Amino acid sequence: MKKFSVVLSFSLISILGFPQWKWQNPSPAGNPLYAVFFTDPAHGYAAGDAGTILKTTDRGSTWTVRPGG
């Protein structure tokens, strides 16, 4: 029982204590993305299905939806 408690504790710490990825689907867009282009290290665009266009100004940390066709 003690071994199980130790394994469970380490599992929870590794899962909850060190998140490096954030699920972003469907935010900011739920459509598949097919192209990404950065104009400089901080500013970039992503494009995908249904005219989806996303823009970042902080090296990809956050994305905003841009009007598309």
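Would you pick out the residues in the range 33-69 that are among the β-branched types (Val, Ile, Thr) and surrounded by 14 or more Cβ atoms within 10 Å (Cβ to Cβ)?
We begin by selecting, within the range 33-69, every residue among the β-branched types (Val, Ile, Thr); these are 36, 39, 52-53, 56-57, 62, 64-65.
52, 53, 56, listed by residue number.
Please work out which residue is modelled with the lowest pLDDT, limiting yourself to the range 50-69 and to residues that are assigned to a strand (DSSP E or B) and more than 15 Å from residue 32 (Cβ to Cβ).
Our first condition is that a residue be assigned to a strand (DSSP E or B); within the range 50-69, this holds for 53-56, 64-66.
In the following step, the residues that additionally are more than 15 Å from residue 32 (Cβ to Cβ) were identified as 55-56, 64, 66.
Numbers: 55: 94, 56: 94, 64: 90, 66: 87.
Within the range 50-69, the match that is modelled with the lowest pLDDT is 66.
In the list 42, 47, 29, which residue meets the criterion of being at pLDDT 85 or above and closer than 16 Å to residue 67 by Cα? Step through it out loud before you land on a result.
Values: 42 fails: closer than 16 Å to residue 67 by Cα; 29 fails: at pLDDT 85 or above.
The conditions single out 47.
The values are calculated or read from the model by the stated rules, or taken from the named source; none is laboratory data. If you're wondering where the values come from, they're calculated on a predicted model, not measured in any experiment. Using ideal geometry, Cβ is built from the backbone for each residue, glycine included, and neighbour counts are taken over all protein chains shown.
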